[in-house]
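Student: Take this structure, written in structure tokens, and hold onto it; I'll ask about it next.
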Amino acid sequence: MQISTTTENSTERTKPTLDLVSIMAAPIRQACAISGLSRSGMYRAAAAGRIRLLKHGRSSLVDMVSVREYLASLPQAEIRQQPLKPANINPRN
């Protein structure tokens, strides 16, 4: 895991920033926050064999490489444009 430091000016403390791309495994809650998947969606994808879960003692960790591969395999969303409705203008008499 790489940690880089950034400063806004030399008098402030350095703030560590975490490179999310380099995370190898994360607890399920954090993996959901990073990926945008819901907890149940994470478990469904794991049950289907699309995401790999690891056990470390009693903890379950999510293999983040498998999450990235899963997200990359999803189809691109198609957004349909809806025609604009004319403005409802009621002139007062």
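The values are calculated or read from the model by the stated rules, or taken from the named source; none is laboratory data. What you see is a predicted model; the values in this text were computed from it and never measured. Note that we place each Cβ from the backbone using ideal geometry, even for glycine, and neighbour counts take in every protein chain shown.
Student: Against the definition (out of contact with any strand residue (DSSP E or B) (no Cβ under 8 Å at 6 or more places or on another chain), of a type in the set (A, V, I, L, M) and modelled with pLDDT under 95), how does Ile79 come out, yes or no?
Tutor: Yes: the conditions hold for Ile79.
Student: Still on this structure, please answer the following. Which of the residues belonging to the stretch 50-65 are more than 17 Å from Ser38 (Cβ to Cβ) and under 14 Å from the mean Cα position of the chain (by Cα)?
Tutor: Our first condition is that a residue be more than 17 Å from Ser38 (Cβ to Cβ); within the stretch 50-65, this holds for 52, 54-59, 61, 63, 65.
Asp63, Val65, listed by residue number.
Student: Can you name every residue in the stretch 34-73 that is loosely packed, with under 11 Cβ neighbours inside 10 Å and either in contact with a strand residue (DSSP E or B) (Cβ under 9 Å, 6 or more places away or on another chain) or polar (S, T, N, Q) (or both)?
Tutor: Hits for the stretch 34-73 are Ser38, Ser40, Lys55, His56, Ser59, Ser73.
Student: Which numbered condition in (1) loosely packed, with under 15 Cβ neighbours inside 10 Å; (2) of a type in the set (Lys, Arg); (3) at pLDDT 95 or above is the only one that Arg92 fails?
Tutor: Just one mismatch for Arg92, condition (3).
Student: With at pLDDT below 95, outside any loop (DSSP other than H, G, I, E, B) and surrounded by fewer than 10 Cβ atoms within 10 Å (Cβ to Cβ) as the only criterion, which of Thr11, Thr17, Thr5 stands out?
Tutor: Checking each option against the conditions leaves just Thr5.
Student: State which residue is surrounded by the fewest Cβ atoms within 10 Å (Cβ to Cβ) when the search covers only the stretch 20-29 and only residues that are under 13 Å from Ser60 (Cα atoms) and either in contact with a strand residue (DSSP E or B) (Cβ under 7 Å, 6 or more places away or on another chain) or in contact (Cβ under 8 Å) with a residue 12 or more places away in the chain (or both). Don't jump to the end; show me each part of the working.
Tutor: Here is the first cut: in the stretch 20-29, the ones under 13 Å from Ser60 (Cα atoms) are 25-29.
In the following step, the residues that additionally are either in contact with a strand residue (DSSP E or B) (Cβ under 7 Å, 6 or more places away or on another chain) or in contact (Cβ under 8 Å) with a residue 12 or more places away in the chain (or both) were identified as 25-28.
Working: Ala25: 19, Ala26: 18, Pro27: 13, Ile28: 17.
In this case the residue turns out to be Pro27.
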